[in-house]
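Notes follow the structure.
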């Protein structure tokens, strides 16, 4: 660590809860991501926040939604995070599958954190929030595309009950189903989606096609054959080879589960094509110019490695990538005082046996400088791999975000590149 002052550090001497001034770009620095331009653009209809778990993705999505609402847009934020902390930050007792209006959201240009004031143009903004209930969303899909009698038959099926609540990929698929439903209502001019965290990055892009393929795939068609043919007719109509296959499946799954699957397939038969069609429509919506993907990461090795994979995948899929939000970044509080000088001064005071508190603060400062430098090196590796990806840094906050004021601070930091 050297004692050189970096331009980005010079803007970091402000307190955590303030917005840093715009720094001059460093040589080789990534493009600056100013999400205000994206949020204000009326052509932007969907913002998708994606990233691994634990990087502040849900808070980022809520902050973006709040900022857009206070700039005059009618916004709904769809989160996957069941934590009550987010509901409390939005001033709501709870979040569920029904959009709920967030009170206290006015037309504040720039937010309270950066000295914003009420603006007549922003007075029409509003914010609704909801949390995905994947089983209820699946139930809504069934009710919308089946008769009441057929829907009740499906709901009572044990295989459906398992599929709609715990099947791999169902949450991601239903997040996209819900997005399609929200777009279709026309109630909001901006939808912010907090995607499910996933260790295998961007599962939500694969899930609609994967679940759609499962629901109308060859395996289920084989299982559906005995249910369609029925009893003795089945024995006459199908070859011994198919009987062997069904017998093998019965041994693997058990006769009871096989009957449940067959009953489910028979009841859902007319709906299978719709799953694939809606999956393809949602995928086209995600790839459209009116959508913006925001990758969220913490300045940590694993999180940035996964963010790099996200960016690569989005570019390969030709999805509209806005940029990277580097969340919880630690910035040098006093860049003119290097870690080495700080430690040396602390040693002098400790040897003299004077000013122990000052010595402790100097060592704390040295640790903070080293942490900031380590995070900068990690971010530089990401930038070297993705030099054209815009980046916004959000300073680490002294406390968890627990109210609208905290969300406004995050939103303001996202609008001011650091």
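Counting only C-alpha contacts under 8 Å and six or more residues apart, can you give the relative contact order of the stretch 292-418 as a whole percent?
Result for the stretch 292-418 is 31 percent.
Report the calculated FRET efficiency for residue 349 and residue 301 (r = Cβ-Cβ distance, R0 = 56 Å), to the nearest 0.05.
It comes out at approximately 0.95.
With a ≥ b ≥ c the root eigenvalues of the C-alpha gyration tensor of the stretch 329-387, is it rounded (a/c under 1.5), prolate (a/b larger than b/c) or oblate?
On the way: a/c = 4.18, a/b = 3.57, b/c = 1.17.
It comes out prolate by the Cα gyration axes.
Based only on other Cβ atoms within 10 Å, what is the fewest-to-most ordering of 330, 145?
So the ranking, lowest neighbour count to highest, is 145, 330.
Under 8 Å for C-alpha pairs, at least 6 residues apart: give me the relative contact order for the stretch 26-94, rounded to a whole percent.
About 23 percent, as a whole number.
Separation between the residue 40 and residue 402 pseudo-spin-labels, each 7 Å from Cα along Cα→Cβ, expressed in nm?
3.4 nm
Taking Cα pairs under 8 Å and at least six residues apart, what relative contact order does the stretch 349-418 come out at, in percent?
Dividing the mean separation by the residue count of the stretch 349-418 yields 24 percent.
Among rounded, prolate and oblate, which fits the stretch 293-418 when a ≥ b ≥ c are the square roots of the eigenvalues of its C-alpha gyration tensor, a/c under 1.5 means rounded, and a/b larger than b/c means prolate?
Prolate shape, in that a/c is at least 1.5 and a/b is the bigger ratio.
Going by Cα centres, the stretch 269-325 and the stretch 32-82 are how many Å apart?
After rounding, the separation between the Cα centres reads 15 Å.
Could the peptides 68-75, 125-132, 379-386 be put in order, highest first, of the mean number of other beta-carbon atoms found within 10 Å of their residues?
Going from most to least packed, we get 68-75, 125-132, 379-386.
Taking square-rooted eigenvalues a ≥ b ≥ c of the alpha carbon gyration tensor, is the stretch 365-417 rounded, prolate or oblate, where a/c under 1.5 means rounded and, failing that, a/b exceeding b/c means prolate? Mind dumping the intermediate values first?
Working: a/c = 3.38, a/b = 1.33, b/c = 2.54.
Taking the square roots of the gyration eigenvalues as a ≥ b ≥ c, the stretch 365-417 is oblate.
Values quoted throughout were computed directly from the atomic coordinates according to the rules given, and no laboratory measurement underlies them. As the structure is a computational prediction, the values presented were derived from the model and not from experiment. So basically every Cβ, Gly included, is an ideal-geometry build from the backbone, and we count neighbours across all protein chains shown.
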